[in-house]
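Enquirer: There's a structure below that I have some questions on.
The values are calculated or read from the model by the stated rules, or taken from the named source; none is laboratory data. Just so you know, these numbers come straight off a predicted model, no measurement behind them. Here the Cβ positions follow ideal geometry from the backbone for every residue, glycine too, while neighbour counts run over all protein chains shown.
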Amino acid sequence: MSIVESEFRPAIWCRNPHLQTLWPYFFRFSPRPEYRRERLELKDGDFLDLDWYEPNSAGPLVLVLHGLEGCSRSHYVRGLVTAFAQRNIRSVVMHHRGCSGEPNRLDRSYHAGETIDLDTVLTRLHDREPNTPLGAIGFSLGGNMLLKWLGENPHISLVEAAVAVSVPFLLAEGARRMQRGISQIYQRRLIGLMKHSLNKKFAHRPAPVDMYHVRELQTFWDFDDQVTARLHDFASVKDYYERSSSRQFLSEINTDTLIVHAKDDPLMTTAVIPREHELSTKIQLEVSQYGGHVGFVTGPVWRPRYWLDQRVTDYLSTKLASKGPPI
């Protein structure tokens, strides 16, 4: 495997990286799957909520990891699980702690390098259906988690194939990028969502951080230093970013893995993109000039198409079919 040029070609009207990123968020009409929710109780006293979408009772299964402050209702998740169903692939969306609509019980929540919860879910899915081909896909922060887990566990065969999209391979570089230009708008929005989640969780119980001070935080760097690192036992934001960035784990991955990335992603710079010598032979990194962050919009403006759904579905259906009955 290697780094190759993506086959994605943006719509003529949608070459701007911000339009690529925001169009699906504001204007995509995504189906609304009827999920079945399952709650997993964890050994530490917390819980994880899984949303299942399986209109077909048989077939391969794909675990979906959403991005920062996302959920099973995120537009990119709804579109993808619908595309999976059309190819007889079942899907289950893992909500990171506190992202399913109900605050989690513990002070800690989730972060870009959290792989223990992912390992727990993958193990339980495999134990339930040991003969079912299992795939996984992660978007953005969820993609970083997935790649890190794959690199940490090269000898564990829980996942047959994986996909990661718009991954912030170097977290510190991404945090610096978000402090510049128009990207500050994304930062403001995401920081606002994270503050809201904290306020909701600690509305009726003592908080382990100074919530008045948290309200004043404006950047990812400061939020991750004062909140994320403290809640998850990192020494500092620098320690968190260094230990949690997925790029250092790529050479160890032993699972067939597709990574999709756009050079114009407004949430990071091209400096985050791995070099070929950093990739294991199991990875194919497809890089496009355009695409924004989890965008990849093509087609005419009156009937836009979301190329990512097709590419991911084609890849996983092919890989998972080779491990089980034809899809």
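Enquirer: I'm told LEU68 meets every condition in (1) in a loop (DSSP other than H, G, I, E, B); (2) touching a residue at least 40 places away in the same chain (Cβ under 8 Å); (3) out of contact with any Leu (no Cβ under 7 Å at 6 or more places or on another chain) except one. Can you identify the failing condition by its number?
Expert: The failed condition is (3).
Enquirer: Give the residue that is surrounded by the most Cβ atoms within 10 Å (Cβ to Cβ), with candidates limited to residues of segment 143-176 that are under 13 Å from the mean Cα position of the chain (by Cα) and assigned to a helix (DSSP H, G or I).
Expert: At the first step, the residues of segment 143-176 found to be under 13 Å from the mean Cα position of the chain (by Cα) are 143-149, 162-169.
Filter again for assigned to a helix (DSSP H, G or I), leaving 143-149.
Details: GLY143: 28, ASN144: 32, MET145: 28, LEU146: 29, LEU147: 27, LYS148: 27, TRP149: 28.
The residue in question is ASN144.
Enquirer: Here are GLY79, GLY138: which of them is in contact (Cβ under 8 Å) with a residue 40 or more places away in the chain and surrounded by fewer than 24 Cβ atoms within 10 Å (Cβ to Cβ)?
Expert: GLY79
Enquirer: Follow-up question, since we're still on this one. Just to be sure before I move on: is GLY113 touching a helix residue (DSSP H, G or I) at 6+ places or on another chain (Cβ under 6 Å) and crowded, with 22+ Cβ neighbours inside 10 Å in the structure I sent?
Expert: Criteria met by GLY113.
Enquirer: When you scan segment 202-212, how many residues do you find that are under 16 Å from ARG230 (Cα atoms) and either in contact with a Ser or Thr (Cβ under 9 Å, 6 or more places away or on another chain) or among the aliphatic types (A, V, I, L, M) (or both)?
Expert: 3
Enquirer: Moving on to the next point. Would you mention how many residues in segment 232-249 are out of contact with any Leu (no Cβ under 9 Å at 6 or more places or on another chain) and within 20 Å of LEU106 (Cα to Cα)?
Expert: 4
Enquirer: Here's something else I'd like to know. Return the only residue of LYS319, LYS238, LYS282, LYS323 being modelled with pLDDT under 95 and not hydroxyl-bearing (Ser, Thr, Tyr).
Expert: From the options LYS319, LYS238, LYS282, LYS323, the qualifying one is LYS323.
Enquirer: Output the helices (runs of 4 or more DSSP H) that fall wholly within segment 215-327 and possess 3 or more residues being touching a residue at least 60 places away in the same chain (Cβ under 8 Å) and over 29 Å from PRO133 (Cβ atoms), or say none.
Expert: Where helices (runs of 4 or more DSSP H) fall fully within segment 215-327 and carry at least 3 residues being touching a residue at least 60 places away in the same chain (Cβ under 8 Å) and over 29 Å from PRO133 (Cβ atoms), they are 237-244.
Enquirer: Something else now. Of all residues being within 26 Å of PRO10 (Cβ to Cβ) and of a type in the set (A, V, I, L, M) in segment 245-269, which is surrounded by the fewest Cβ atoms within 10 Å (Cβ to Cβ)? Just the residue, please.
Expert: LEU258
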